[in-house]
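The structure under discussion appears below in the form of structure tokens.
Readers should treat all values here as calculations from the given coordinates under stated rules, not as data from a laboratory. Just so it is clear, the model here is predicted, and its values are computed rather than measured. Glycine also receives a Cβ, built like all others from the backbone with ideal geometry; neighbour counts cover every protein chain displayed.
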Amino acid sequence: MPGLPISRRHLILTGSALAATAAMPVAARAQAPAPAGTPTDSPLVRQLYGGRWPDDATTRKVYDDFLLQRAVQAYMLTLPALNVIGMRDGSEATFGRGYHVLPIWKDRMGARTWVPTPNCDVVYSMSYLNLKETGPLVVYAPPNVIGMFTDFLQRTLTDVGAAGPDLGRGGLYLLLPPGYDGAVPGGYHAVRSRTYNVFLFFRTVLTAGPNGPDTTKAVATAEMTRVYPLGSLERNRPPMQFPNASRIRVNMMYPTDFTYWEKLKRFIDDEPVECLEPNVRGMLASLGIIKGQPFAPDARRREILTQAVETAARMIFAVRIEPEALPNLPYYPDRQYVNAWGGVDADFNAPSYQSIDQRASYFQAAYSSAPAMVVDAVGLGSKYPIAIRDANGELLDGNRSYRLRLPPNIPALLYWAVTIYNPADGTMPETAQAFPSRNQFDNVTTNADGSVELFFGPERHAAAPERNWIQTLRDRGFMVAVRLYGTNATFYDQSWRPDDIVRLG
């Protein structure tokens, strides 16, 4: 077709080709067969039942597996809340509730109090404040308190004491609820909570008595605490109550059955949406836990959710034991001690992620994470090297005897203590001894060079002075916490390190 423009020739030729194709038989237009061995389905089609629908039993089984996995992850993400909810519910059922009720362990906290890794070498004061009921609350913290306020996801609002804004002199703290838009008067250390519920946790330090630790001054200091609504008049405030919690058996642990989810649902309903990340709420929604909506799982879902509580606990325990699970745990390059925070901050944030495994591991066997426990505050903070293995890397066994040597010049300006715990949840083993612990006020035998040797075992080893022995339970594991309050520089530069625990015989 000479003489035609190029575009015109192209249209004519294309039309001719289409006409010729249309005239071809259908079989001639079919795709050529693929070479032998070439897949003809996409990868996911091949993976998901070869392009066929699964049968109902298979779908149900896979969906149940999904619910179980989702519930396990939801448990790990919400354990900090249930940890403190368990403490609150156990405390209020035993000692009463209200902002004016402050239980104090006036004779120290022993094994009759079930709570994760309690410190029996200070005097504890702990209460649970509901700002939804009261509005802003004022708390007078006495001088020389070591403490903190946290919200009910155990995010620290502020340290209290030498590491806090009162600098150990005592002061007035103002706790503001979520959404508060009123005036904030001067004269207070004001902090805003992301949950209506706030945990008050104060510790006061023992003094040396003639026969061991003396709690008198520590209790008197704790009983100076005052809590009252902002703007209230003195004559209208209920008097403070300070029940002695030391001699009462009380369960303040988080649930280990289906009630975990029921308590979590009440928390979700009571607290503002903003207190919890949307993706966590989305995970809970998969389980039927949605703010303001009924939570009524059928028998099958209840069984799955119950199984998840048990499975999650075992998985977290495995994470705590398996060395490769938390690679940042080791405190020293040549010791078995681990750092419960794994080198991250008090909210378990690393530079580019939040260590949710570290956080779940912590709250399975501990509570209250505050900056003063994590940062290198020389002379002010507190440190807690923890051992679950002996010098040979073997897990600690309550049937055996061990020795721990603390080198001279223990770096604790306030005090040091060594305590053993049940490894599963951090509760104290209940033995014939009053406390599973020894501290610097216990009149322990000290070596000529200033070092201290402590002994662990079901019976006192022949080499162990009576005051240097901590009794273990047979057929149980145990873990050891070294507490250093007012930690000085030799700890931070690691020129002072506790010796590894050595098995005897």
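Data table
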| quantity | calculated |
| --- | --- |
| Residue among 148, 230, 304 farthest towards the positive dipole end of the chain, charges placed on Cβ | 304 |
| Largest-first ellipsoid semi-axes for segment 60-321, taking √(5λ) over the Cα gyration tensor eigenvalues, angstrom | 35, 23, 15 |
| Members of 132/383; 217/383; 132/263; 132/265 lying beyond 27 Å, as alpha-carbon distances in this model show | 132/383 |
| Ratio Rg/Rh [Cα only; Rh per Kirkwood] for segment 270-337 | 1.16 |
| Reference-scaled alpha-carbon Rg (2.2 N^0.38 Å with N residues) for the chain | 1.31 |
| Neighbour-limited loop hits for trypsin sites (Lys or Arg not before Pro), segment 436-505 (at most 12 other Cβ within 10 Å; DSSP other than H, G, I, E, B) | 474 |
| Volume per residue of the C-alpha convex hull in segment 356-504, rounded to whole Å³ | 122 |
| Cβ crowding within 10 Å averaged over residues, with 405-411, 59-65, 193-199, 275-281 ranked highest first | 193-199, 405-411, 275-281, 59-65 |
| Around residue 392: net Lys/Arg minus Asp/Glu count, Cβ-Cβ under 9 Å | -1 |
| Peptides ranked, highest mean first, by Cβ atoms within 10 Å: ranges 359-366, 231-238, 310-317 | 359-366, 310-317, 231-238 |
| Relative contact order, percent, segment 60-321 [alpha-carbon distance under 8 Å, six or more residues apart] | 29 |
| Mean shadow area of segment 319-435, taken as a quarter of the surface of its Cα convex hull (nm²) | 8.7 |
| Cα-centred dipole magnitude for the chain, charges only on beta-carbon of K, R (+1) and D, E (-1), debye, nearest 20 | 820 |
| Sequence ranges 428-435, 169-176, ranked by mean other-Cβ count within 10 angstrom, highest first | 169-176, 428-435 |
